[in-house]
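Asker: There's a structure below that I have some questions on.
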Amino acid sequence: MKLETIKKLCCPFDKAELTLTSITKDVDGNVIEGFLSCQDCKRLFPIIKGIPIMNPDEYREFKLEQPLLDRWQKSGHRLGGGGE
Ligand SMILES: [Zn+2]
């Protein structure tokens, strides 16, 4: 997904602005893997294979998201915007 497109996205729950964290980009600078995090409700929306996963909570596939979250944390990063 293109960076400009991602920047236009807002949180589907409260329409707040999202912060992009990119993990993997392709040669054109498109985000392949990463996260969008909401400032407001602190939800995290993974970007997997270039597609932001922004389903309502009950339709989210944590099986799909978990490997990405695990890799991110193992590489020494911390999730979310503010403390644990
Ligand atoms: Zn939100």
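Asker: Looking at (1) touching a residue at least 12 places away in the same chain (Cβ under 8 Å); (2) away from the ligand (no atom under 16 Å from the Cβ), can you tell me which one P46 breaks?
Answerer: Failed condition: (2).
Asker: Do we have any residue at all in region 58-73 that's at pLDDT 90 or above and either surrounded by 13 or more Cβ atoms within 10 Å (Cβ to Cβ) or part of a helix (DSSP H, G or I) (or both)?
Answerer: As a first pass, look at region 58-73 and keep what is at pLDDT 90 or above: none.
No: zero hits.
Asker: Follow-up. From the list R71, R43, which one is over 12 Å from M1 (Cβ atoms) and over 13 Å from the mean Cα position of the chain (by Cα)?
Answerer: Working: R43 fails: over 13 Å from the mean Cα position of the chain (by Cα).
On inspection, the qualifying residue turns out to be R71.
Asker: Considering only residues that are within 8 Å of the ligand (Cβ to nearest atom) and among the small types (G, A, S), which ones fall in region 3-28?
Answerer: Within region 3-28, A16 is the sole residue that qualifies.
Asker: Considering M1, M54, which residue is in contact with a strand residue (DSSP E or B) (Cβ under 8 Å, 6 or more places away or on another chain), under 22 Å from Q73 (Cα atoms) and outside any strand (DSSP E or B)? Full working, then the answer.
Answerer: Values: M1 fails: under 22 Å from Q73 (Cα atoms).
The match here is M54.
Asker: Of the conditions (1) of a type in the set (G, A, S); (2) in contact with a helix residue (DSSP H, G or I) (Cβ under 9 Å, 6 or more places away or on another chain); (3) within 11 Å of the ligand (Cβ to nearest atom), S37 satisfies every one except a single condition; which number is it?
Answerer: For S37, the failing item is (2).
The values are calculated or read from the model by the stated rules, or taken from the named source; none is laboratory data. No experiment lies behind these values; they were computed from the predicted model shown. Reconstructed Cβ throughout: ideal geometry from the backbone, glycine too, with neighbour counts over all protein chains shown.
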